[in-house]
Amino acid sequence: MASATSQATDTRNLSPLTQRSVWKALQTHFESVRELHLRELFAQDPSRGERMTVEGAGLFLDYSKNRITDETVKLLVRLAEETGLSNRIEAMFRGEKINVTEKRAVLHIALRAPKGSSILVDGADVVPEVHVVLVKMEAFANRVRSGEWKGHTGKRIRNVINIGIGGSDLGPVMAYEALRHFSDRSLTFRFVSNVDGTDFAEAVQDLDPAETLFIISSKTFTTLETMTNAHSARDWSLAGLGRDEKSVAKHFVAVSTNSAEVTKFGIDTANMFGFWDWVGGRYSMDSAIGLSTMLAIGPENFRAMLDGFHQMDEHFRSAPLERNLPVLLGLLGIWYNNFFGAQTVAVLPYEQYLKRFPAYLQQLTMESNGKHVTLDGAHVDYATGPIYWGEPGTNGQHSFYQLIHQGTNLIPCDFIAFTSTLNPLGRHHDMLIANVFAQTEALAFGKTAEEVRSEGTPDWLVPHRVFEGNRPSNTILADRLTPHTLGKLVALYEHSVFTQGAIWQINSFDQWGVELGKALAQRIIPELESATEPPLKHDSSTNNLIRKYRQSKQKS
Ligand code: G6Q
């Protein structure tokens, strides 16, 4: 078993990123291509649109509408090679503890490893455990879906509420919305995450406790929001079920790594679905955290999703870097982030079912790569993770696209589309897809002043109607949004985040940046609730806000 400081993960031998000759070569190259327009690039090379495409695990990526030449790709791939990306990939797949600050392996790839394969952590094969949990989830899902699992009063379960936050919420919500087409419509699914009581109150207001099952999803089972919501759920459920404590066993299950806390809450560990410290929260939607997904779409579809993930894992591990989808996506992100100085990336799924995909990706990308020090603790002298944002198309076209087309910020875009729809309805799908292609075309090629003038536009209006173009985009095409495809798509982004983190030499798998606010909130809660005026030792702004809140609370 390799140790955390083995050759593969050791960054001490790597010279600082910006001192590397390949980085400098990229800077020089950037100066020579920064002014090139996509109009010229396409005019010079009529086959560019076919050539700069790649297919992996059934997903198709057209990256031709990027401000790059063949030389750019060559240099970016060299950057990946020289910064040891392939070794880092292997280190992850071998189960090395590449999450060095938490001394943990990073093995979401084991969650979708086929039965019979083997991945060792501290000498123990984790794949059999993964499959034991999957089988337990399947047995439970089948019982609930068939109606065999009854609530306390003998009624069957009609409503499932997942209570969790962050990684224990965003994946389940996104997957439920994305795969709604495949879900059992006789069951209602809701997701409660916010400590704002409104979230819980609205989720249960029209539900019968006798038909409602809560999944308390929390890796640690100590998270403030989740435990607060879980206790409110327990109160609500007990109030509706004659305050009989025995009812908890029928209406609450847990997904966690912390059996002691689960037991303390009153959930029988027989109704607990486990996972492991080597699954990061934002990488956990295909672990037991996906129990709500499995309940919604059924075990078979869940397995298909895992297989989709696995196919992209295999592609990432084995495809040459220059034909590797997640690697290319990651490298193009670095090109805009570090050389063009683009601060954001827009993710624009043209698929209504993917409406929560950008929110899911925000956590995946920004919690992973929003880091300011390298693995060795040195302050980086280059930009790391950009801001990800987005909305489904075509809606965004009627709001923020204006800024992407004519604003002063460069915003690289990922367009995601599917060649066939799950809901064929007249000409809708052709119209949807026409808009994807039209947007990427308009962004890349724009409309010149001459073109605008030739349409009879008066001179004073011409500048307003000019589209400069040269706005880069990727187009990701798949056939249909099935569970299988969703798995591939999520894994594509997981590994593109990995690629970037490896090159930036940061730890994509910790999240210390969320700690301070949590600790301060714990200090402020008693100050808000104290019956007597508390001595306040914050800054004058925070002290004043606390006093103001207390005053208005006393009045109401
Ligand atoms: C994800 C983070 C974070 C985590 C939540 C919930 O990578 O670790 O978003 O998922 O804070 O944590 P618990 O599952 O422990 O409640």
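Note on surface exposure: Trp149, Trp460, Trp389 rank Trp460, Trp389, Trp149 by accessible area, highest first, 1.4 Å probe. Ordered by solvent-accessible area of protein heavy atoms (1.4 Å probe), largest first, the residues Lys74, Lys150 come out as Lys74, Lys150. Accessible surface of Ile433, taken over heavy atoms with a 1.4 Å probe and every protein chain present, rounds to 30 Å². Computed from backbone phi with θ = phi - 60° and the Karplus coefficients 6.51, -1.76 and 1.60, the 3J(HN,Hα) list for segment 15-28 is 6, x, 3, 6, 8, 5, 5, 5, 5, 5, 5, 5, 5, 4 Hz; x is used for glycine and proline.
How much FRET efficiency would the formula 1/(1 + (r/R0)^6) give for Val514 and His428, where r is the Cβ-Cβ distance and R0 is 30 Å, rounded to 0.05? Once rounded, the FRET efficiency stands at 0.15. First measure r as the distance between the Cβ atoms of Ile525 and Leu410, then evaluate 1/(1 + (r/R0)^6) with R0 = 51 Å and state the FRET efficiency to the nearest 0.05. Step by step, r from the Cβ atoms, then E = 0.75. Between Thr153 and Glu468, the simple label model (points 7 Å from Cα in the Cβ direction) yields a spacing of 6.4 nm.
Spacing of the modelled spin labels on Ser552 and Asp184, each 7 Å from Cα toward Cβ, amounts to 4.5 nm. Note on segment 372-521: with neighbouring protein chains present and a 1.4 Å probe, carbon and sulfur make up 57 percent of its accessible heavy-atom surface.
Computed from the Kirkwood radius of its Cα pairs, the Stokes-Einstein diffusion coefficient for segment 411-556 at 25 °C and 0.890 mPa s stands at 113 µm²/s. Counting only Cβ charges, +1 for Lys and Arg and -1 for Asp and Glu, the dipole size of segment 285-351 around its Cα centre is about 160 debye. Per residue of the chain, the DSSP helices (runs of n ≥ 4 H) give a summed -39500 (n - 2.57) that works out to -13000 deg cm²/dmol at 222 nm.
The charge dipole of the chain, taken about its Cα centre with unit charges on the Cβ of Lys, Arg, Asp and Glu (plus for the first two, minus for the last two), comes to roughly 960 debye.
Quick one: check the C-alpha center-to-center distance for segment 203-223 versus segment 273-312, whole angstrom. Their Cα centres are 19 Å away from one another. With both residues required to sit in the chain, DSSP beta bridges show an antiparallel share near 30%.
Helix 299-318 and the longest principal axis of the Cα set of the chain meet at an angle near 40°.
Hey, what's the chain come to in accessible area per residue, 1.4 Å probe, Å²? Per-residue accessible area for the chain comes out at 43 Å². Where a Cα-Cα gap under 19 Å defines reach, which lysines qualify for Lys155, not counting those fewer than 8 residues away within the same chain? Excluding near neighbours in sequence, the set is Lys246, Lys250.
With a cut-off of 13 Å between beta carbons, the residues surrounding Phe309 carry a summed charge of -1, where Lys and Arg count +1 and Asp and Glu -1. Remark: the Glu31-Ala383 segment gains 124.9 nm on full extension, using 0.36 nm per residue and subtracting the alpha carbon distance. Which of the pairs Lys371/Lys488; Lys103/Lys518; Lys150/Lys264; Lys355/Lys548; Lys24/Lys65 have their Cα atoms more than 32 Å apart in this structure? Going by Cα-Cα distance, Lys355/Lys548 fall outside the 32 Å limit. Within straight-line reach of Lys537, meaning a Cα separation under 12 Å, sit the following aspartates and glutamates at least 8 residues removed in sequence or on another chain: Glu527. Take the Cα of Phe340, step 7 Å toward its Cβ, do the same at Val132, and the gap between the two points is 5.0 nm. Compute the acute angle (0 to 90°) between the alpha-carbon long axis of helix 127-146 and the principal axis of greatest extent of the alpha-carbon atoms of the chain; round to the nearest 10°. Result, in degrees: 70. Each peptide among 366-377, 336-347, 301-312 gets the average number of other Cβ atoms lying within 10 Å of its residues, and from highest to lowest they stand as 301-312, 336-347, 366-377. Sorting 184-192, 81-89 by average packing, meaning the other beta carbons within 10 Å per residue, from highest down gives 81-89, 184-192. Extent of the chain along its three principal axes (Cα atoms, max minus min coordinate, largest first): 76, 61, 58 Å.
Other residues lying with their Cβ under 9 Å from the Cβ of Phe418 contribute a combined charge of -1, Lys and Arg counting +1, Asp and Glu -1.
The values are calculated or read from the model by the stated rules, or taken from the named source; none is laboratory data. Predicted model, so just to flag it, every value in this text is computed and none were measured. Reconstructed Cβ throughout: ideal geometry from the backbone, glycine too, with neighbour counts over all protein chains shown. Ligands, DNA and RNA are excluded from the accessible area calculation, which covers all protein heavy atoms including side chains. Shrake-Rupley method; radii C 1.70, N 1.55, O 1.52, S 1.80 Å.
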